[in-house]
Structures are given as C-alpha cells and as structure tokens.
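Here is the structure we will look at.
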Amino acid sequence: HEVDRNEFLKLCKKVEYTIRAWYLLQFDDLMRLEQQNLTPEEIDTLEFNFMTYLFQIMEKSNFKLLSDEEYDVAQSGKYLLNLPIKVDESKLDKKLLTTYFKEHPHDNLPTFADKYIIFRRGIGFDRTTDYFVMEKVDVLISRVWRLLQRVTRIDRLFSKKPQSKSRNDIKKTDEIIEDTEEQELFVERIRLEKIELRLLIVLSLKFYKTTINCNLKKRYVLLDSIKNLMSKMTIQEPTFDRMIVVYR
C-alpha cells in the first residue's frame with residue numbers, strides 16, 4: 001500500500017506540473033481576452049460556466065461555504081495572532097455573484113455573498129507565544145471596570161427594562177453561537193481572558209475567616225498575577241485548515 005501511495009503522489013505531482021505549465025504558456029493569451037471580441041452575453045455565459053464548475057470542484061473537494069454563524073464565531077474570538085486586515089468593499093464587484101445566485105440559488109448564503117464568497121475545509125489551530133502586555137492591561141482594566149459597576153451599581157442607573165430583554169436575547173444568541181462553535185470547531189480556544197490575571201481588589205474577604213489567611217491569599221494571588229503579567233503567554237485560536245476566497 002505504501003508503494004501505491006507513493007506512485008499516486010507522483011502522478012498527482014505530474015498532473016499539477018502539467019496544468020501549471022499549460023497555465024504559464026496560456027497566461028499571456030488569457031490576459032488578452034479583449035482581442036477575441038466577445039460580446040457581453042458571451043462573457044456572462046463564460047463567467048457563469050466558470051462559477052458552476054468552481055462550485056462543482058469545491059463540492060467534490062469537500063469545501064463548504066462559510067456561513068454567517070461561523071463568521072460570527074470567528075469574529076467573536078478577538079483574534080490576536082495576525083495583523084487586522086480591512087477590506088475595501090467599495091472596490092469589489094457585486095454584479096457577478098448577485099446574478100449568479102439569482103439563477104443558481106444556494107441555501108444558507110452569508111450576507112456578504114453578493115461581494116465575495118469563502119470556502120472552508122478542515123479544522124486546525126494557530127498558536128503564538130508573546131508577552132501581550134497591552135492586551136493583558138486591557139483585560140485588567142475591563143475587570144476593574146466591571147467590579148466598580150457591581151460595587152457602585154452604576155450599571156443599574158443606565159439600564160432599562162427593554163435593554164434587559166435584549167441582553168437576554170444576546171445571551172441566547174451567544175449560547176447558540178457557542179453551541180455552533182462546539183459542534184464545528186473542535187479546537188480549544190486559549191484566550192487572555194482565561195489567564196489568571198487578578199488584582200488585589202478583586203478578592204473578597206467573605207471566603208476567609210481570619211485576617212492571616214486572607215493576607216496570605218492576597219499576597220499569593222498578587223504575586224501570581226504580577227508573574228503572569230510580566231511573563232510570556234501562549235494563546236491558541238481555532239482556524240480553518242484551508243480557505244479559498246472568491247471575489248472580483
């Protein structure tokens with residue numbers, strides 16, 4: 001079986017090299033399509049045929065369209081492992097995909113399907129190790145702010161009953177998203193929010209009866225927090241193993 005597998009891999013490489021060589025030879029001709037004097041109708045037909053063949057290839061290769069739920073899960077992770085990239089959607093064409101999906105409807109299309117589509121396959125993970133000082137400071141500030149809100153009850157002054165309903169809806173939505181994440185992404189997400197970064201004022205005295213035990217506990221947590229703040233941390237984010245973005 002190992003010999004057959006190696007022979008099959010050699011065949012795949014030969015096919016890949018043949019297609020790549022043909023593409024390089026035909027590249028100049030492909031870039032001069034205006035010389036063929038194609039009509040707009042012929043161009044539309046060729047584009048739709050290309051999209052049809054593309055979807056067939058993606059389906060045979062076990063690629064799936066990225067859904068809105070999967071996109072929301074990815075966005076909720078506050079991904080820190082790469083520089084943020086912002087796409088100028090005003091420069092993207094909306095005619096091709098919009099017209100194609102009208103004539104070839106698909107289920108569960110994402111909201112951005114008129115501008116671009118994303119195929120995904122497989123589940124992986126991405127890790128990086130760094131100090132993340134500013135990110136840790138942001139986590140500490142957010143925790144202190146939430147503590148002050150609970151102690152001073154400031155949040156009740158600005159909250160209203162309709163907002164409480166919406167918060168419940170948001171919680172339900174978050175639970176749905178988390179369930180979707182557990183079903184689709186089987187990689188543990190290691191984020192800074194899970195790291196032990198407590199402040200001295202976060203501790204409550206009600207868990208300890210004596211002052212000595214309380215002081216020892218506070219000193220231990222404070223030293224542990226400073227150690228985590230000044231040491232390197234490894235974070236891990238779930239990723240898709242392969243992604244293909246189609247746009248014009």
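So which of 10/86; 60/95; 64/115; 60/102; 64/86; 60/94 end up more than 29 Å apart by C-alpha?
Working: 10/86 40 Å; 60/95 26 Å; 64/115 17 Å; 60/102 23 Å; 64/86 23 Å; 60/94 26 Å.
The answer is 10/86.
Spacing of the modelled spin labels on residue 147 and residue 46, each 7 Å from Cα toward Cβ, amounts to 6.6 nm. Given a Förster distance of 30 Å, report the FRET efficiency between residue 6 and residue 28 from their Cβ-Cβ distance, rounded to the nearest 0.05. My answer for the efficiency is 0.25. Residues whose amide H falls under 5 Å from that of residue 239, counting only those 5 or more places apart or on a different chain, are 124, 125, 126, with hydrogens built in the peptide plane.
Read-outs: derived from the displayed coordinates by stated rules, not from any lab. Everything numeric in this text was worked out from a predicted model, so none of it was measured. Neighbour counts run over all protein chains shown; Cβ positions are idealised from the backbone, glycine included.
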